[in-house]
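S.K.: Here it is, the structure, as structure tokens.
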Amino acid sequence: MVSLYINQRRVGEAIVLDLKGRVKVRGHTVELHKAIRCLVEEGKTQILLNLSGVTHIDSSGLGELVSSHISAGSHGGVVKLAHVTQQLRELLEITKLTTVIDIYDDEATALSSFTGQTLKIVAPKPFFV
């Protein structure tokens, strides 16, 4: 049984991932990380996670949000969160992740925060076979 659905849409230069369901260790967090990794490899570095449909998130899901933020950052991008539940907001505040990940109450404000954002260029890393 799939417990996390991801819908991707483009709004201007940003990509919005609408998440619905439960983000947990057995809840396909791998798909979320894979989706974000594919986006940044395609050069889509302005990513907004719309969490309005998320009903539950466990520690593994929280770790996946952090991992996704780091993956995007290593490619010169950024992951932002919108429509965070009060419970998740409190968890992010307790863990001090609010100082690392941008959180917005609504999608419009989050998307407007991408405007004029300067993204760094990351030099390619050597690849050895």
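S.K.: May I ask you to say which residue of Ser68, Ser60 is under 23 Å from Asp106 (Cα atoms), touching a residue at least 12 places away in the same chain (Cβ under 8 Å), assigned to a helix (DSSP H, G or I) and of a type in the set (Ser, Thr, Tyr)? Step through it out loud before you land on a result.
M.R.: Numbers: Ser60 fails: under 23 Å from Asp106 (Cα atoms).
Just a single option satisfies the conditions, and that option is Ser68.
S.K.: Any idea which of (1) crowded, with 19+ Cβ neighbours inside 10 Å; (2) in a strand (DSSP E or B); (3) not small (Gly, Ala, Ser) is the one Ile36 doesn't satisfy?
M.R.: Ile36 satisfies all of (1) crowded, with 19+ Cβ neighbours inside 10 Å; (2) in a strand (DSSP E or B); (3) not small (Gly, Ala, Ser) except (2).
S.K.: Still on this structure, please answer the following. What about Leu81, is it in contact with a Phe, Trp or Tyr (Cβ under 8 Å, 6 or more places away or on another chain) and either among the acidic types (Asp, Glu) or closer than 19 Å to Asp102 by Cα (or both)?
M.R.: Numbers: in contact with a Phe, Trp or Tyr (Cβ under 8 Å, 6 or more places away or on another chain): yes; either among the acidic types (Asp, Glu) or closer than 19 Å to Asp102 by Cα (or both): yes.
When the stated conditions are applied, Leu81 passes them.
S.K.: Also, quick follow-up: Got at least one residue in region 95-110 being of a type in the set (Ser, Thr, Tyr) and within 23 Å of Val11 (Cα to Cα)? Quick ask: steps written out before the conclusion?
M.R.: The initial filter retains those residues of region 95-110 that are of a type in the set (Ser, Thr, Tyr), namely 95, 98-99, 104, 109.
Pick out the ones that are also within 23 Å of Val11 (Cα to Cα) and you get 104, 109.
Scanning region 95-110 turns up at least one residue that is of a type in the set (Ser, Thr, Tyr) and within 23 Å of Val11 (Cα to Cα).
S.K.: I've got another one for you. Please determine, by comparing only the residues of region 71-99 that are β-branched (Val, Ile, Thr) and assigned to a helix (DSSP H, G or I), which one is nearest to Val30 (Cα to Cα). Outline the logic, then answer.
M.R.: The initial filter retains those residues of region 71-99 that are β-branched (Val, Ile, Thr), namely 78-79, 84-85, 94-95, 98-99.
Filter again for assigned to a helix (DSSP H, G or I), leaving 94, 98-99.
On the way: Ile94: 25, Thr98: 23, Thr99: 24 Å.
In this case the residue turns out to be Thr98.
S.K.: In this structure, does Val23 turn out to be under 17 Å from Leu4 (Cβ atoms) and modelled with pLDDT under 80?
M.R.: Details: under 17 Å from Leu4 (Cβ atoms): yes; modelled with pLDDT under 80: yes.
Against the criterion (under 17 Å from Leu4 (Cβ atoms) and modelled with pLDDT under 80), Val23 qualifies.
S.K.: Determine, yes or no, whether Ile94 is within 14 Å of the chain's Cα centre (by Cα) and either of a type in the set (Phe, Trp, Tyr) or at pLDDT 90 or above (or both). Steps first, answer last, please.
M.R.: On the way: within 14 Å of the chain's Cα centre (by Cα): no; either of a type in the set (Phe, Trp, Tyr) or at pLDDT 90 or above (or both): yes.
Against the criterion (within 14 Å of the chain's Cα centre (by Cα) and either of a type in the set (Phe, Trp, Tyr) or at pLDDT 90 or above (or both)), Ile94 does not qualify.
The values are calculated or read from the model by the stated rules, or taken from the named source; none is laboratory data. All values derive from a computational prediction rather than experimental measurement. Heads up, the Cβs are rebuilt from the backbone with ideal geometry, glycines too, and the neighbour counts pull from every protein chain shown.
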